[in-house]
Amino acid sequence: MYILGISALYHDSAAVLVKDGEIIAGAQEERFTRIKHDKSVPGYAIKYCLDFAQIKGSDIDAVVYYDDPIATLDRWLANASAIGEERKDLLNFSYKAMFQEKLWIAEKIKQILGGLGRRGKLLVVKHHMAHAASAFYPSPYEKAAVITVDGVGEWNTTTIGFGKGNEITILKKIDYPHSLGLLYSAFTYFCGFKVNYGDYKLMGLAPYGEPIYYDVIKSELIDIKEDGSFRLNLKYFDYQNGRSMTSSRFEALFGGVRRTPEQEITKREMDLAASVQKVVEEVIIKLSRTAKALSGGIENLVLAGGVALNCVANGVLSREGIFKNIWVQPAAGDAGGALGVALLAYYHKYNERRVERKDIQKGSYLGPGYTQKEIMNYLVTHSIPYVKYEYGMEFYHIIADLLKQQKIIGLFEGRMEFGPRALGNRSIIADPRSETMQSRLNLSIKYRESFRPFAPAVLRERCSEYFDFEGDSPYMLFCGYVKGKQDTDFDLAEYFEKQNDMTEVIKRKRSDFPAVTHIDYSARIQTVTEEGNPIFYRIIKQFEKETGCGMVINTSFNVRGEPIVCTPEDAYHCFMNTEMDVLVLGNFILYKEEQPERYKRRDVYELD
Amino acid sequence: MNWISEEAEKLAWYMEAENIDYKFPAVDDLCGSYFEDYDMGENILEEYEFSTMPELQKLLQKKRVIHSLDIDRVCAVAAFKNRPDIDVGKSEEHMLPTFIYNF
């Protein structure tokens, strides 16, 4: 039985194919169209899923969409009628998308697929149920409390539920316009980052600041109850009008107009980021206590929705110890909804028993992979110089040695990751011990703001030696703190009272692994096991043998504004467009100095 | 459709919509929770299908929280107005924006 799950028309369109309860393929549309966060109906991702399974659209038993268009229209109309004279702007902004696209989703999928599978009708699932399913079904738990938090889906912004066997029951909800995701997005916008796509930058900025606005946020912007439920003070926001996120009152409250993109970041933005981060953590912890109580004290929690990508909050939650076990859907945003609805249809509509597998998410390596022959064909066709190795000691030694020489390596192996994180198959890797690597990577490879830290990919068995983090974090969704802190006397607040220059702070060595140590000693950890990703594990293991260091820097294989690379061609172009030193394409190694000048070109992506 | 003659219905819908509380409530210490119960509904997975304006109207009537035959009809018109194979009636083509602007 094949079930195709689809997310589209909001953010991060994706398709996921489930066969007899097993997730066999999944990808975001952006990886194929090369348009970051592409929201169009995911024709390329659907084609990939069908090709992977070697089936036709007519072989699919059910096609399932992650949003109920009528419920969304209901909220749209209610919003339009409630906002008074401002409604004209809202209509101009979203009228066409609502009536010419969203309502016609079945028709649009039918055109791409040549039908709607054997059922002949599209199935739709409520947005937060899709998130809940994406969190619970792939988790290793038979029973779990379920929390979903995002901007908005139809009417809902937050839900608490419970999963048992093949059933999910949602118990409580908070509805639009009261939204933790939109509160965070308002600060993202105000601090000069892109709404929906710059939230992780705000999270990365938070450790530089002090939460001096925490009290004012709580007294003016959000009323939080002990059970984690909340209401927003809407006079400070403008998202109901569809124009911007914040109102002039918001500006007045926080000392002036918002920062524009690319403008210098000041202490105000750092403090705002720290303050709203603290508020989000407080809500998440309170919601979790309520979820635990509502689920009868169970020890497992699963999370999804865009806010669940806040790995700092996840780390705080983990350390709080409310639940023994926490599992976060790696594609916690909208893309994961496609995965959730496909599994939900399998378990619920067809009443199938829950499939028991150790790693149902399959490490999130669900995207396209390329054979040795396909990679070689690409290299030979384009006369690209390479050295071929067998996967073995020599191959791993060469990569480890290059890392030791401070080379920056593009790593392209196996199947592409599903979700926003690169987990070793479409990654850029480097030596975390280097004091200059963070700046080098940021400025000459990623072309992005230099304040953001890089993540360590660490051998699972050595994780607790380096970080105060116990357990697994295979999807880079939990933050821990680096052990062996250095430079602890440095007063960050005092420094930023006098100047805004972040580069001097970044240069300060704060641990033996400065490139992955954030300003507050936190790190966004990925634990790597041989079972989960054998090639990536062996690369790190070899690096450990040769240097004693059981971790590498792992950042996504792309430049700023570009989606993560999908094909060998994408990888080669990214390699040639940047100061990357080496490209590992499967078992082929390419050295920059040997590459033809004619392939050097600078692709321009809209900055995110 | 004579919109003017249906002013009463329109007004009723408007008043109903206006009753939805979007304003920040005064912080109420007596209120222990802003959570609402989640209605799981009859079906977690629902078939979504329409191919004509009446079918869409029927779907809207069945599923929308705020009930209004007028609004359902103009929504159906708005959804079908760019379909070359469907005549929604020239006079009604642009009714939805007008309808909502004039509330």
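The values are calculated or read from the model by the stated rules, or taken from the named source; none is laboratory data. Because the structure is predicted, anything quoted here is derived from the model rather than measured. Quick reminder, even Gly has a Cβ in these numbers, built from the backbone with ideal geometry, and neighbours come from all protein chains shown. What goes into the accessible areas is simple: the full protein's heavy atoms, side chains included, and nothing from ligands, DNA or RNA. Shrake-Rupley method; radii C 1.70, N 1.55, O 1.52, S 1.80 Å.
Observations
- Which listed pairs, of A:Lys194/A:Lys292; A:Lys96/B:Lys63; A:Lys39/A:Lys286; A:Lys483/A:Lys509; A:Lys485/A:Lys507; A:Lys218/A:Lys286, have C-alpha distances above 25 Å, in listed order: A:Lys194/A:Lys292; A:Lys39/A:Lys286
- Net charge of neighbours whose Cβ lies under 13 Å from the Cβ of A:Ala313, counting Lys and Arg as +1 and Asp and Glu as -1: 0
- Couplings for region A:139-147, taken from phi via the Karplus curve 6.51 cos²θ - 1.76 cosθ + 1.60 with θ = phi - 60°, read 6, x, 9, 6, 9, 7, 6, 10, 10 Hz in order; Gly and Pro are left as x.
- Added length on full extension, which subtracts the Cα-Cα distance from 0.36 nm per residue, A:Ser450 to A:Lys404: 14.3 nm
- Ranked by solvent-accessible area (1.4 Å probe, protein heavy atoms only, all chains present), the residues A:Tyr365, A:Tyr347, A:Tyr44 order from largest to smallest as A:Tyr44, A:Tyr365, A:Tyr347.
- Among A:Glu299, B:Glu42, A:Glu579, the order of accessible area from largest down is B:Glu42, A:Glu579, A:Glu299, computed with a 1.4 Å probe on protein heavy atoms.
- All aspartates and glutamates inside 15 Å of A:Lys19 as judged from Cα atoms, apart from same-chain residues fewer than 8 positions distant: A:Asp51, A:Asp59, A:Asp61, A:Glu352, A:Glu356
- Theoretical gain in end-to-end length, A:Arg560 to A:Arg353 [0.36 nm per residue, Cα-Cα removed]: 70.2 nm
- Dividing the alpha-carbon radius of gyration of region A:167-237 by the rule-of-thumb value 2.2 N^0.38 Å gives 1.25.
- Percent carbon-and-sulfur accessible area, region A:164-237, ignoring ligands, DNA and RNA, probe 1.4 Å: 46 percent
- Estimated vicinal HN-Hα couplings, Hz - region A:298-313 in sequence order (Karplus 6.51, -1.76, 1.60; Gly, Pro = x): 4, 9, 10, 10, 10, 10, 7, x, x, 5, 5, 7, 6, 5, 5, 4
- Multiplying the residue separation of A:Ser248 and A:Thr547 by 0.36 nm and removing their Cα-Cα distance gives an extension gain of 102.2 nm.
- Distance violations [Cα-Cα > 24 Å] among A:Lys324/A:Lys358; A:Lys121/A:Lys173; A:Lys324/A:Lys362: A:Lys121/A:Lys173
- Remark: accessible area buried at the A-B interface is about 5100 Å², both chains counted, probe radius 1.4 Å.
- Virtual spin-label span in nm between A:Ala293 and B:Thr52, 7 Å along Cα→Cβ: 5.3 nm
- In this structure A:Leu443 has an accessible area near 110 Å², from a 1.4 Å probe over the protein heavy atoms.
- Label-point separation in nm, B:Glu36 to A:Asn325, each point 7 Å along Cα→Cβ: 3.4 nm
- Taking all protein chains together and rolling a 1.4 Å probe, A:Phe187 ends up with roughly 0 Å² accessible.
- Between A:Phe478 and A:Ile525, the built amide H atoms are under 5 Å apart, and every one of these is 5 or more places off in sequence or on another chain.
- Cβ-derived FRET efficiency at R0 22 Å, A:Glu264 paired with A:Lys507, nearest 0.05: 0.80
- Here A:Lys541 is the anchor, and the lysines within straight C-alpha reach of less than 19 Å, apart from those fewer than 8 places off in the same chain, are A:Lys404, A:Lys407.
- Accessible area (Å², 1.4 Å probe, nearest 10) - A:Glu394: 120 Å²
- Solvent-accessible area per residue, Å², over region A:456-525 with all protein chains present [probe radius 1.4 Å]: 44 Å²
- For A:Ser179, A:Ser248, the ranking by accessible surface with the largest value first comes to A:Ser248, A:Ser179, using a 1.4 Å probe.
- For a label point 7 Å along the Cα-to-beta-carbon line of A:Ile55, residues of region A:1-26 with backbone N under 12 Å: A:1-5, A:16-25
- With both labels modelled 7 Å from their Cα along Cα-to-Cβ, the A:Glu394 to A:Glu465 distance reads 3.0 nm.
- Rg over Rh, two decimals, chain A (C-alpha only, Kirkwood Rh): 0.95
- Reachable lysines from A:Lys373, criterion Cα separation under 21 angstrom, eight or more residues apart if same chain: A:Lys388
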